[in-house]
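Participant: My structure is below; once you've seen it, I'll send some questions.
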Amino acid sequence: MSILRAAVLLVIGLLVAGCAHVPAPVPLNHLSVRVMTFNIRLDLASDGENAWPQRKNMVGVLLGHERPDIVGFQEVLLHQKRDLEAAMPGYAFYGVGRNNGREAGEFAPLAWRDDRFEALETGTFWLAPETQVPGKGWDAGYPRTATWAILKERATGVTFRVLNTHFDNSGVEARRQSARLINDWVDSAPEETEAVIVMGDFNAAPSSPAYASLVGRRLSDTRAMSVQPPYGPAGTFTGFNILHAAAEPIDHIFVAGEVRVASHATITQHWGGRLPSDHYPVMVELISKDAR
């Protein structure tokens, strides 16, 4: 059964001058789902003009313009999660703080359009040997989590799985083991044809061992699968410097099962050279594999 059913695609208006954005989806005349991963950068006063209070409105405008159906965020502190919820009426959120499984530490929350999807089940596991106990794993510098949900499209009853995560930035072994845990979770899907979406900040470029592990089983990288040429730069980390982005992406969206990728975009929207985060968000349009 396809994960997607008929819907009307809205035409995206032009952004304000100086802003780049994902182009309007091609009118494919079948249902699509727009999925975004976005590391919003945690709120640090030491970031000065790039601290969260100076950026949160930009993040809200970007999200309101792009209108993803499903979003996976990373580096979200509790007050930032509340700001996102206020900026995204009509979305349901799920996620827990990584330090204690409640409200302490960074969240990697999922958000989805509540009018379109119902969560049948949600959960979190830690990227560590004891996956149900808050804590660090292997050589990781911080606790890391994976946030997942089984979503049902309200109009059709079709279900699919989605996971959002943030791999450690320093632990090479932790990233490799985290990739194994993610693949184990993907393999838990009961049917090979059930669509699975895995996204996040993996701190792993395509040339890295962790990335090779991720795509070595059922998962495929949506950037490589896109029917349209990928939009925007390959690199997704900028460090708030609009003139520089890494040569390779570390923010990815992977899929498995009966799904095609209509488009892939690295969104470079800015306000007079100021960026909403030190990572570019990535968005894909997914369509059913049997759609013509």
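Participant: Restricting attention to segment 239-252, does a residue exist that is aliphatic (A, V, I, L, M), part of a strand (DSSP E or B) and within 28 Å of Leu84 (Cα to Cα)?
Facilitator: First pass over segment 239-252, keeping only residues aliphatic (A, V, I, L, M): 242-243, 245-247, 250.
Okay, now just the ones that are also part of a strand (DSSP E or B), so none.
Looking through segment 239-252, none of the residues is aliphatic (A, V, I, L, M), part of a strand (DSSP E or B) and within 28 Å of Leu84 (Cα to Cα).
Participant: Quick one: what pairs do we get from segment 130-150, first residue on the phi > 0 side of the Ramachandran plot, second crowded, with 16+ Cβ neighbours inside 10 Å, C-beta under 6 Å, 6+ apart or different chains?
Facilitator: Gly135/Ala128; Gly135/Pro143; Trp138/Gly171; Trp138/Ala174; Trp138/Gln177
Participant: Another one. Name the residue, out of Phe117, Phe160, that is closer than 25 Å to Arg217 by Cβ and not basic (Lys, Arg). Can you show your working first?
Facilitator: Working: Phe117 fails: closer than 25 Å to Arg217 by Cβ.
After ruling out the rest, the residue left standing is Phe160.
Participant: Now for a different question. Can you find, within segment 161-171, the residue that is surrounded by the most Cβ atoms within 10 Å (Cβ to Cβ) among those that are of a type in the set (S, T, N, Q) and closer than 12 Å to Val198 by Cα?
Facilitator: Quick first cut of segment 161-171, residues of a type in the set (S, T, N, Q) only: 164-165, 169-170.
Filter again for closer than 12 Å to Val198 by Cα, leaving 164-165.
On the way: Asn164: 29, Thr165: 25.
Within segment 161-171, the match that is surrounded by the most Cβ atoms within 10 Å (Cβ to Cβ) is Asn164.
Participant: Ok, one more. Hey, Ala174 hits all of (1) out of contact with any Ser or Thr (no Cβ under 9 Å at 6 or more places or on another chain); (2) in a strand (DSSP E or B) but one; which does it fall short on?
Facilitator: It is condition (2) that Ala174 fails.
Participant: Can you list the strands (runs of 3 or more DSSP E) lying wholly within segment 103-168 that have 3 or more residues being of a type in the set (Phe, Trp, Tyr)?
Facilitator: Answer list for segment 103-168: 117-126.
Participant: Looking at Ala246, Ala189, Ala265, Ala205, which one is at pLDDT 95 or above and farther than 18 Å from Val71 by Cβ?
Facilitator: One residue alone meets the criteria, Ala205.
Participant: So Asp221 fits all but one of (1) at pLDDT 95 or above; (2) under 22 Å from Val282 (Cα atoms); (3) crowded, with 22+ Cβ neighbours inside 10 Å; what number is the exception?
Facilitator: Here Asp221 meets the rest and fails (3).
Participant: Look through segment 40-82, keep the residues that are aliphatic (A, V, I, L, M) and assigned to a strand (DSSP E or B), and return whichever of them is nearest to Asp278 (Cα to Cα).
Facilitator: Of segment 40-82, the ones aliphatic (A, V, I, L, M) are 40, 42, 44-45, 51, 58-59, 61-63, 70-71, 76-78.
With the extra rule that they be assigned to a strand (DSSP E or B), the set shrinks to 70-71, 76.
Numbers: Ile70: 21, Val71: 17, Val76: 13 Å.
By that ranking, first place goes to Val76.
Participant: Still on this structure, please answer the following. Filtering segment 207-218 down to residues that are within 17 Å of the chain's Cα centre (by Cα) and closer than 26 Å to Glu106 by Cα, which residue is surrounded by the most Cβ atoms within 10 Å (Cβ to Cβ)?
Facilitator: The initial filter retains those residues of segment 207-218 that are within 17 Å of the chain's Cα centre (by Cα), namely 211, 214-215.
If we keep only those that are closer than 26 Å to Glu106 by Cα as well, we get 211, 214.
Values: Tyr211: 22, Leu214: 28.
Checking each candidate, the answer is Leu214.
Participant: Here's another thing I want to ask about it. Would you mind finding the one in Val255, Val227 that is of a type in the set (A, V, I, L, M, F, W, C) and either more than 18 Å from the chain's Cα centre (by Cα) or within 24 Å of Lys136 (Cα to Cα) (or both)? Break it down into steps so the answer makes sense when it comes.
Facilitator: Working: Val255 fails: either more than 18 Å from the chain's Cα centre (by Cα) or within 24 Å of Lys136 (Cα to Cα) (or both).
Going through Val255, Val227 in turn, the sole match is Val227.
Participant: Can you give me the number of residues within segment 164-205 that are among the β-branched types (Val, Ile, Thr) and free of Cβ contacts under 8 Å to residues at least 24 places away in the same chain? Show your work before the answer.
Facilitator: From segment 164-205, those among the β-branched types (Val, Ile, Thr) are 165, 172, 182, 186, 193, 196-198; that's our starting set.
Adding the requirement that they be free of Cβ contacts under 8 Å to residues at least 24 places away in the same chain leaves none.
The total comes to 0.
Participant: Return a yes/no flag: does segment 256-275 have any residue that is part of a loop (DSSP other than H, G, I, E, B), among the β-branched types (Val, Ile, Thr) and in contact with a helix residue (DSSP H, G or I) (Cβ under 8 Å, 6 or more places away or on another chain). Quick ask: steps written out before the conclusion?
Facilitator: Just the residues of segment 256-275 that are part of a loop (DSSP other than H, G, I, E, B), to begin with: 257-258, 267-270, 272-273, 275.
Filter again for among the β-branched types (Val, Ile, Thr), leaving 267-268.
Of the ones still in play, those that are also in contact with a helix residue (DSSP H, G or I) (Cβ under 8 Å, 6 or more places away or on another chain) are 267.
Among the residues of segment 256-275, at least one is part of a loop (DSSP other than H, G, I, E, B), among the β-branched types (Val, Ile, Thr) and in contact with a helix residue (DSSP H, G or I) (Cβ under 8 Å, 6 or more places away or on another chain), which makes the answer yes.
Participant: Out of Ala128, Ala104, Ala174, which single residue is surrounded by 24 or more Cβ atoms within 10 Å (Cβ to Cβ) and over 16 Å from the mean Cα position of the chain (by Cα)? Step through it out loud before you land on a result.
Facilitator: Working: Ala128 fails: surrounded by 24 or more Cβ atoms within 10 Å (Cβ to Cβ); Ala104 fails: surrounded by 24 or more Cβ atoms within 10 Å (Cβ to Cβ).
None of the other options fit; the residue is Ala174.
Participant: Look at Val158 and say whether it is in contact (Cβ under 8 Å) with a residue 60 or more places away in the chain and surrounded by fewer than 21 Cβ atoms within 10 Å (Cβ to Cβ).
Facilitator: Numbers: in contact (Cβ under 8 Å) with a residue 60 or more places away in the chain: yes; surrounded by fewer than 21 Cβ atoms within 10 Å (Cβ to Cβ): yes.
Yes: the conditions hold for Val158.
Participant: With respect to Phe202, is the statement that it is aromatic (Phe, Trp, Tyr) and over 17 Å from the mean Cα position of the chain (by Cα) true?
Facilitator: So Phe202 fails the test.
The values are calculated or read from the model by the stated rules, or taken from the named source; none is laboratory data. Quick caveat: nothing in here was measured; it's all calculated off a predicted structure. So basically every Cβ, Gly included, is an ideal-geometry build from the backbone, and we count neighbours across all protein chains shown.
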